[in-house]
Amino acid sequence: CSSTDVCCDPGAVCSSSGYSQCMQPSQSSGLCTNPSGFSAAPPPTVSPSSSSSPSTAPSLQPTAPSCEPTTKPSKPTTTSTATPSSTSTVATTASPMVSDPLCCDTTSYASSWTYCNSAAGLSMNSCSTCAAYQCIDWTVGSVAMQAREASYFAATGDSVYLGVGSYGNDQTRAGKCYRITASGVDRDLIVQVVNQGGDVPDGNFDLQVGDGGYGIFDACVADGTSVPQFDGTGSQWGAIYGGWSDISSCSNLPAFPHCGSAPADNMQDLCRWSFQKKIRAPTGNSNPTITNMCEVKCPAELWQATGLHRSDETNPAYTCGLTGNSGGGLMTRMMDCTKPSYGWNGNVKGTTYPGYELVVPCRRDGYTRINAMPIKVPSTMTPSQSPTSATPVAPSLPPTTTPSTPSQSPSFVPSATPTSPSAQPSSPSWIPSLLPTAPTVTSTLSPTALPTVTITFGPSNHAVKNLTGNPFNRTLNYYVNPTYQAELQSSIVSATGQVKATLQSMMQVSSAYWIDVKSKILGTDTTSVEGILTDAASKAVKQLVTLIIYDLPNRDCHAKASNGEICCTYNADRTCNYDAAGTCSAGIVEYQSTYIDPIYSVLSRFVNSVEIVLIIEPDSLPNLATNLGDPHCGNTATTAAYKTGVNYAVNKFKTLPLTMYLDGAHGGWLGWVNNLNLFTNLVMNTLGSNILALRGFSTNVANYQPIGIMCPFQSTDGIRNDYCLNGQHQSDPCCADPCKLEAQYNPGNNELNYVNVLYHAFRAAVPSFHPHFVIDSGRNGVGNMRSNCANWCNARGAGIGVLPTSVTAAPGLIDAYYWLKTPGESDGCTQTLPD
């Protein structure tokens, strides 16, 4: 308020701290005016429970709201769509502001909530109340923020976390963006200042984090306001400042806001994410130290999400270059659910673009924007562009998390269909020679190489219980099997030097478990699925377990030998007669009743306590797509077994809250457009609508294809990437191709390029399907050690690849690099090996 305001309560005056009684939400009648014909300053979204003001203004407290027009708006003829059952949509490429006819929009949010709600025929406690709150999708790690990060990465090749928060009490920082390097956090953050934090020491940044602390101006629960964003009490949220101090306590939080039971983000998961990413310490209340911080260009993905865009940015780049400082402050955290102070008129000190003058807050559901400003979005606006710049400024320096490149250049790929699938044996026969510590990737990904991400909040529109989102981000506690540790130890005792050190380093690294025989389903120890899940469920923190479903009838149809145990027709020695035709009815029944159904029974007991990922039948459908000329694959029995078996497995497991990836071979197998089309059509014909139950595809399973570098996507048919073909761009490292695949019009020279074309193939065939990928890095860590790229069996000189991680070169496309092939275990193709 100012000294010229006439306050609603007689005798009220403007206090020295800038507040007066007319800011309390207790007035029930009328609008008051000042000599300029404006109403008194609007009340804050919440007020302290005590009438006394703190000596310093806490985060998210508006300090100088301006007056509002007094014209009484007419009652709207339409009602709000922000009901608990409504669905909100946030697109990363569009303005976040949702038009709404309620008078609280036309009066800059809340000059008189009681009056506006009454005019609209609403109660104060309605989900369409004029009261404004924080937007949940601003929270670091939210579904929408991850989509925005993917969009930003697609435009810049820069892998960062995006977020919002408070940066001290200086109002000239309103709307500015800063790049932060923080101790222990695996990548830099780019954050926008949306709030004035009088209690945030200069040098600290107060980041909006899931359960970061609701503070004195609590709008999260009923303890702080009569219209809280969430149900429950403050006891569910931990400490007032900082929230919970251990990851296990996140389960105490309410999952969703009062208005809407199934938005995209679960508050418990957002809380866990912040621990897993070390945004907050694993235990205790310590905060990461800021080691470098500078003002940067604000990505469109951020200012389109918040509605505030400064036009006077001083740094044209997204990176610090030489302008960063030594840091020394802390990256603290908050989440008080209140409308940020830079959503109030008069608080933003600096020039802004028209239509982007204030932070646009949300309704009580945490997603639907309250629009009180004219929307002026240039028609050509794209992610990471500003109204004055048609092209994003490339980072002047690589992000701090740019992976190192090994001395061996990972540039080889197999050039032919493998002569045998990835049979899974039991005993280690080779030792990896190198333990990589970072992905061997950098990215030149173009904006067209990733999907335009639209996040729809609400339940799935198909009858599937499978979880959405990246499972490798839901928990970073990837399960390590004690049985595998024992196998490693058996080799460690006889190893020396670097090999021994490498094996010892592998002892705490997770890998997938192959269910390649029925005897591995039930049991009490960790050589069985039941034993593994029992052990995983006993851990203090939720574990992720990855399992390989691998026991189709007539398995390994293109191999010279197979250890598959289920047959369409049995020989006298119980091996499979691959030449016998038929429908494989007996084999399919055996697969369903003695393999898939028992696995389902075990999984159903643990899906709520363990994060479960399934890789479905490696090599199976790729063999049918390309190897029908082999009578073992092309006969009617094998074809029926694979198609019926895969569909049965997906249809069965889709009723559980877990995540499935169907095997998609690798670039040296399916990278040609003809093979891609064959595979795409086969998957569609096999699964039908069940394709929507998949998260996506696994690639490179048990193979040596390098991760590589993703090329810009330049296509004439929308599927094949022509960037490296016809001799183009051969000096670009992303085109490295010693196996001469590009000369055969195969753009899948590495797995990043392969998953890019595989994605486009399925998007063209099934527009509603947005596949994501897991790349096997269990044995692709050494460069070109093969004399023939078609060699796949126990290749000597091979080494383990990138450690399992969800930090990938294209996070909107690739969920994880993971050791799907268990490193060290033999392919089982010979009884003895030379030397």
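The values are calculated or read from the model by the stated rules, or taken from the named source; none is laboratory data. This is a predicted model, so every value here is computed, not measured. Please note: Cβ atoms are built from the backbone with ideal geometry, for glycine as well, and neighbour counts cover all protein chains shown. With ligands, DNA and RNA removed, areas are computed over all heavy atoms of the protein, side chains included. Shrake-Rupley method; radii C 1.70, N 1.55, O 1.52, S 1.80 Å.
Amide H contacts of Cys576: Asn571, each under 5 Å away and 5 or more positions distant or on a separate chain (H built 1.01 Å from N in the peptide plane; Pro and chain starts excluded). Measuring with a 1.4 angstrom probe and ignoring ligands and nucleic acids, Lys349 comes out at about 90 Å² accessible.
Inter-label distance, Ser593 to Ser494: 4.4 nm, where each label sits 7 Å from its Cα along the C-beta direction. Expressed as a fraction of 2.2 N^0.38 Å, the value expected for a compact globular protein of N residues, the C-alpha radius of gyration of segment 601-668 is 1.32. On a C-alpha basis, how far is the centre of segment 166-243 from the centre of segment 692-736 in Å? Whole number, if you could? After rounding, the separation between the Cα centres reads 41 Å. In this simple spin-label approximation, Phe769 and Asp717 carry label points 7 Å from Cα along the Cα→Cβ vector, and these lie 1.8 nm apart. Averaging 1/r over each pair of different alpha-carbon atoms in segment 628-731 and inverting the result gives 16.1 Å, the Kirkwood hydrodynamic radius. Residue pairs exceeding 27 angstrom between C-alpha atoms, taken from Lys539/Lys643; Lys278/Lys542; Lys278/Lys500; Lys176/Lys278; Lys654/Lys821; Lys277/Lys500: Lys539/Lys643; Lys278/Lys500; Lys277/Lys500. Legend: calculated FRET efficiency, Leu522 to Ser689, from the Cβ-Cβ distance at R0 = 35 Å, rounded to 0.05, equals 0.65.
What the Cα atoms of segment 688-788 give is an Rg and a Dmax of 14.4, 43 Å. Please give the FRET efficiency for Ala501 paired with Tyr570, using the beta carbon to beta carbon distance and R0 = 41 Å, rounded to the nearest 0.05. With R0 = 41 Å, the Cβ-Cβ based efficiency is 0.30. Computed from the C-beta positions of Asp312 and Ser183 and an R0 of 22 Å, the FRET efficiency is 0.10 to the nearest 0.05. The accessible-area ordering, largest first, of the residues Lys176, Lys542 stands as Lys542, Lys176, per a 1.4 angstrom probe.
Shape of segment 198-260 from the C-alpha gyration tensor: oblate (a/c of 1.5 or more and a/b not above b/c, with a ≥ b ≥ c the square roots of its eigenvalues).
Hydrodynamic estimate: the Kirkwood radius of segment 190-319 over Cα pairs, inserted into Stokes-Einstein at 4 °C and 1.567 mPa s, corresponds to D of 79 µm²/s.
Based on the Kirkwood approach, the hydrodynamic radius assigned to segment 728-835 is 16.0 Å, with every pair of different Cα atoms included.
Classify segment 565-685 from the C-alpha gyration tensor, please: rounded if a/c falls under 1.5, else prolate or oblate depending on whether a/b exceeds b/c. Oblate, since a/c reaches 1.5 and b/c is not below a/b.
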